[in-house]
Amino acid sequence: MRIAVIPGDGIGPEVVHAALPALDLLNHELGLGLSYDVFGWGADEWLATGVGLPEGALDMLRSEYTAVFLGALGDPRVPDMAHGREILLGLRRGLDLYVNHRPNQLPDGLVDIYRENTQGLYVGVGGTVPQGGGVGVAVDQCVYTRQTVENFVRYCLDRIAAQGGRKVTLVHKANAVPHTGRLWQEVFREELSRHPGLTGTDEYVDAFCYHFVRTPMRYEAVLAPNLFGDIISDIGAALMGGLGLAASASICPETGFGLFEPVHGSAPDIAGTHRANPYAAVMTLVLLLDHLGHRAAAAALRDSLDQAARTDATTPDLGGNGSTEEFMVAVLDRLPMAIKQEKEQ
Ligand code: NAD
Ligand code: IPM
Ligand code: MN
């Protein structure tokens, strides 16, 4: 199985190159048969050549790779992350990775956020009408097709039910954005009727944010349209202890293809200072290994990661004094024992 590694910009390459030795070790010790190739897509290439996602990239990924491991994109030299939109949103849409799973491991339990990842306000439908030298009218349309909402909700509910989940919350804003809101509510109700074991509720996204911050354990699994999912998953990251901890998996249930990336961005404010927390990137590899069916490898990596997070080698965002590299030494030190324990089980 081949993995395409896209380190990206800013702290992306820092956390990706810090995390990869863990994958190498697991691959070697557990004979996972994984190999990877690194692609230099990102701001430097965009600024030098004007190319974000090279022509043919989607076909190449589809035919030669099983998954993508991506650091982060975003560079202060590129306004509004034009290159990142082409690469990141291009991959998500082009590979039809419509399910984005963002698990939030909170102090009192797990809240799974499932974000629709290809449509809504991210479809890129819209434009501007000029006025004077600037913009007079600006339109970004929110577009959802029943097919995509159905596929997304069905996959998520099936998965939540299969994992023994009981409660699902749909987040929307049907009081102010009625058309897509109604479609989501309708599909949610229909799909829920196939799952007598699941209790579904729906909440306006503003009220959801209020309750999520105050009493996160009110929620078990949350379904959200694209932009709401983006926003609430940063709240989830804050509740976890920071963006340096949150991982994400974007998958296409039909093909099984997955793009695995931390929730955080390129963090230009700390890039180059060795302060980037690699936890989210390593946790992203845990999700990747799990998705590929390498359960023991995923469990061993997660175990050594969580052990390391309880030492004083953590990075400054978690209150520690460790650098990106020092934290990874703590993870890699613990990994052989965790692998041994998994092998014995
Ligand atoms: P950001 O997530 O990069 O950073 C937000 C804050 O969190 C910053 O203070 C940063 O220092 C901190 N932070 C983030 N990751 C951290 C880590 N691993 N360890 C320690 N601290 C961490 O968000 P931003 O500043 O709004 O965005 C910067 C760039 O990244 C922008 O161009 C944005 O578009 C892009 N972005 C890309 C992705 C992605 O590629 N998936 C995601 C979000 C933002
Ligand atoms: C994320 C990011 C992206 C998004 C940006 C960089 C386009 O914020 O993955 O959470 O909005 O999906
Ligand atoms: Mn985001």
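Where a number appears in this text, it was derived from the coordinates with a stated rule and is not lab data. The structure presented is a predicted model; accordingly, all values stated were derived computationally and were not measured. In this analysis, Cβ positions are derived from the backbone assuming ideal geometry, glycine residues included, and neighbour counts consider all displayed protein chains.
All C-alpha to C-alpha distances of the range 271-339, sorted into 5 Å bins beginning at zero, yield P(r) values of 3, 20, 27, 23, 15, 8, 3, 0 percent in whole numbers. Taking the three principal axes of the alpha carbon atoms in the chain, the coordinate ranges are 54, 54, 41 Å, sorted in descending order. Candidate cross-link partners of residue 173 among the aspartates and glutamates, defined by an alpha-carbon separation under 19 Å and a same-chain spacing of 8 or more, comprise 116, 140, 150, 186, 190, 202, 203, 206, 230, 234. Largest mean-square fluctuation among 310, 295, 102, in a Gaussian network model of the chain whose springs join Cα atoms under 10 Å apart, belongs to 310.
When the chain is treated as a GNM with alpha-carbon contacts under 10 Å, the residue of 272, 52, 71 showing the greatest mean-square fluctuation is 272. For the chain, the Cβ-based charge dipole about the Cα centre amounts to some 920 debye (Lys, Arg positive; Asp, Glu negative; other atoms uncharged).
A simple rule links phi to the HN-Hα coupling: the Karplus curve 6.51 cos²θ - 1.76 cosθ + 1.60 with θ = phi - 60°, which for the range 314-325 gives 5, 6, x, 4, 9, x, x, 10, x, 8, 3, 5 Hz, with x for Gly and Pro.
Distance from the Cα centre of the range 311-345 to that of the range 201-237, in angstrom? Answer, in whole Å: 30.
For a modelled paramagnetic label at residue 85, 7 Å from Cα along Cα-to-Cβ, the residues of the range 122-157 in reach, with backbone nitrogen under 18 Å, are 122-131, 134-144. Placing unit charges on each Cβ (+1 for Lys and Arg, -1 for Asp and Glu) gives the chain a dipole about its Cα centre, and among 199, 119, 247 the Cα reaching farthest toward its positive end belongs to 199. Cα-Cα pairs above 17 Å in the range 72-159: how many percent? That tail contains 64 percent of the Cα-Cα pairs. Within the chain, DSSP assigns beta bridges of which about 50% are antiparallel (rounded to the nearest 5).
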